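The values are calculated or read from the model by the stated rules, or taken from the named source; none is laboratory data. As the structure is a computational prediction, the values presented were derived from the model and not from experiment. Reconstructed Cβ throughout: ideal geometry from the backbone, glycine too, with neighbour counts over all protein chains shown.
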Amino acid sequence: MNRTIEQIREDFPILSQNINDRPLVYLDNAATTHRPKQVIEAIERYYKEINANPHRGAHKLSILSTEAYEGTREKVRAFINANSTKEIVFTKNTTEALNLIAYSYGMNFIEEGDEIAISIAEHHSNLIPWQQVASAKKAILKYLYTDSEGRIPCSELRDKIGPKTKLVSIAHMTNTFGIINPVKEIINYAHDMGALVILDGAQSVPHRKVDVQKLDADFLVFSGHKMMAPMGVGVLYGKEEILEKMPPFLYGGDMIEYVWEQKSTFAELPFKLEAGTQNVEAVVGLGAAIDYINETGIENIEAIEEELTTYALDKLKEIPYVTLYGPKDTLNRGGVISFNIEGVHPHDVASIVDTYGVALRAGHHCAQPFMKYMKINSTSRISFYFYNTKEEIDVFIESIKNVRKWLGYEPK
């Protein structure tokens, strides 16, 4: 990486502001990341110079919009090493992408008595759709349970994935404890059993190299807003031969071939799965975000976040009234740390540290079944991106040490 962290941070206007008269320390990147000026300017240029529907017009602005929209599709293809742009479908977010698979594939190809396997640590977006499919199709939803650190034991694969399993849907990296699941091994095992595998890459794709051909993933889903792109754009990758079999999820404009009074035929991939006017400016922003990641280097992003995570874990271990969840090192985990402070509700933690300019997340993190399984009501969570610094972690640690003082606890 040719640029310093200080130079990178200059690209993010929001990071220079004060919150409650203190410099912003933003540690909620697992929820959403901030946008560099390059992404903001790309969207502004689109509105100032293009702003037309792609695919639908012969005039110059429509042609330019099509080039911008399809240009990002090629950037996404290259970024995850898909075989073809036909395998890249734009959605609103990870949630919509998972629902598209659930309703277009699940409702049409899952039969009574089939089994769907997911982990207990899944985000609700990768849990509720499969509840609905299982209920509607009279299929069986099985859970892979974790150990005390949030990892999936190999025995769970052998016990829960078998000849009746038709789908396995798993987070590449969990949003609760930051566990990086052994997805290559899971995919290989599931394929041996005849099952397809969906990877939820919302927490992995922005932070580390994900190669769908190397992993042999059948589907991969992720969101733009967790990788510096605007909200309102996500990606569904699917192997072409699988997507070809799937009927459209939504019907209407731009996904048709011919329409008669009583029947219609549909466009080729990926357009049959992209009905209506798309969020073109957000897609353009996603393309700019991918450019920014490529210029920074995904391997540099991963290395910076590993260093930050190690530093934060070491600092938190020194505080006697802090309980850490998940692994205490960075082996097979990403830049997400969940913790609790003895005697203090996570919502109070979030409110108090906010007075120091620190933004973190508190609650069940859209993973209620996992929290119940782990016998935790809620946690506080910090999460990093490559624009964070050790100095920000020091501010966070100091704010944490003041939380119990605010509530009148004796010092430990």
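Go through the range 135-161 and give me each residue that's crowded, with 21+ Cβ neighbours inside 10 Å and small (G, A, S). Once the filter is applied, which keeps residues that are crowded, with 21+ Cβ neighbours inside 10 Å and small (G, A, S), the range 135-161 yields A139, G150. Candidates E305, E295, E268, E241: the one that is touching a residue at least 40 places away in the same chain (Cβ under 8 Å), part of a helix (DSSP H, G or I) and more than 21 Å from N99 (Cβ to Cβ) is E305. Residues that are within 29 Å of L127 (Cα to Cα) and buried (at least 20 other Cβ atoms within 10 Å of the Cβ) within the range 341-355 comprise I341, P346, V349, listed in sequence order.
Scan the range 244-265 for residues that are in a loop (DSSP other than H, G, I, E, B), of a type in the set (D, E) and touching a residue at least 12 places away in the same chain (Cβ under 8 Å) and the total you get is 1. Being touching a residue at least 60 places away in the same chain (Cβ under 8 Å), more than 26 Å from P270 (Cβ to Cβ) and in contact with a helix residue (DSSP H, G or I) (Cβ under 7 Å, 6 or more places away or on another chain): is that true of L98 here? Judged against the criteria, L98 is not a match. Within the range 271-289, the residues that satisfy the criterion of being part of a helix (DSSP H, G or I) and buried (at least 21 other Cβ atoms within 10 Å of the Cβ) are K272, L273, V280, E281, A282, V283, V284, G285, L286, G287, A288, A289.
Per-residue answers, yes or no, for (1) under 21 Å from H225 (Cβ atoms); (2) touching a Phe, Trp or Tyr at 6+ places or on another chain (Cβ under 6 Å); (3) at pLDDT below 95:
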{"position": "A289", "(1), (2), (3)": "yes, no, no"}
{"position": "N294", "(1), (2), (3)": "yes, no, no"}
{"position": "I301", "(1), (2), (3)": "yes, yes, no"}
{"position": "T310", "(1), (2), (3)": "no, no, no"}
{"position": "I319", "(1), (2), (3)": "no, no, no"}
{"position": "Y325", "(1), (2), (3)": "no, yes, no"}
{"position": "D329", "(1), (2), (3)": "no, no, yes"}
{"position": "N332", "(1), (2), (3)": "no, no, yes"}
{"position": "H347", "(1), (2), (3)": "no, no, no"}
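One line per residue, one yes/no per condition, for (1) of a type outside the set (S, T, N, Q); (2) in contact with a strand residue (DSSP E or B) (Cβ under 7 Å, 6 or more places away or on another chain); (3) buried (at least 19 other Cβ atoms within 10 Å of the Cβ); (4) at pLDDT below 95:
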| site | (1), (2), (3), (4) |
| --- | --- |
| G357 | yes, yes, yes, no |
| H365 | yes, yes, yes, no |
| P369 | yes, no, no, no |
| S383 | no, yes, yes, no |
| F386 | yes, no, yes, no |
| K390 | yes, no, no, no |
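Of all residues in the range 308-337, those that are in a loop (DSSP other than H, G, I, E, B) and hydrophobic (A, V, I, L, M, F, W, C) total 2.
Look at the range 16-29: where a residue is assigned to a loop (DSSP other than H, G, I, E, B), no partner that is surrounded by 14 or more Cβ atoms within 10 Å (Cβ to Cβ) and at pLDDT below 95 sits 6+ places away or on another chain with Cβ atoms under 6 Å. Number of residues in the range 63-93 that are under 19 Å from N126 (Cα atoms), polar (S, T, N, Q) and out of contact with any Leu (no Cβ under 9 Å at 6 or more places or on another chain) equals 1.
Residues that are at pLDDT 95 or above, closer than 14 Å to I80 by Cα and surrounded by 24 or more Cβ atoms within 10 Å (Cβ to Cβ) do occur in the range 238-246, at least one of them. Of the residues making up the range 250-268, one or more are crowded, with 19+ Cβ neighbours inside 10 Å, in contact with a helix residue (DSSP H, G or I) (Cβ under 9 Å, 6 or more places away or on another chain) and closer than 19 Å to N108 by Cβ.
Looking at the range 85-197, the strands (runs of 3 or more DSSP E) lying wholly inside it that each contain 2 or more residues that are closer than 26 Å to G326 by Cβ and modelled with pLDDT of 95 or more sit at 115-119, 140-144, 165-171. Residues that are in a helix (DSSP H, G or I) and under 19 Å from V322 (Cα atoms) within the range 338-373 comprise P346, H347, D348, V349, A350, S351, I352, V353, D354, M371, listed in sequence order. Look at (1) assigned by TED's automatic domain parsing to the domain that holds N93; (2) part of a loop (DSSP other than H, G, I, E, B) and you find that K48 fails only one, number (2). Can you find, within the range 329-340, the residue that is farthest from G178 (Cα to Cα) among those that are free of Cβ contacts under 8 Å to residues at least 60 places away in the same chain and buried (at least 19 other Cβ atoms within 10 Å of the Cβ)? It comes out as N340. All told, A312 falls short of being surrounded by 19 or more Cβ atoms within 10 Å (Cβ to Cβ), assigned by TED's automatic domain parsing to the domain that holds D11, under 19 Å from R381 (Cβ atoms) and free of Cβ contacts under 8 Å to residues at least 40 places away in the same chain. Scanning the range 371-381 for residues that are surrounded by fewer than 23 Cβ atoms within 10 Å (Cβ to Cβ), of a type outside the set (K, R) and without any contact (Cβ under 8 Å) to a residue 60 or more places away in the chain returns I376, N377, S378. Looking at the structure I just gave you, is A202 out of contact with any Phe, Trp or Tyr (no Cβ under 7 Å at 6 or more places or on another chain) and either modelled with pLDDT of 95 or more or assigned to a loop (DSSP other than H, G, I, E, B) (or both)? Judged against the criteria, A202 is not a match.
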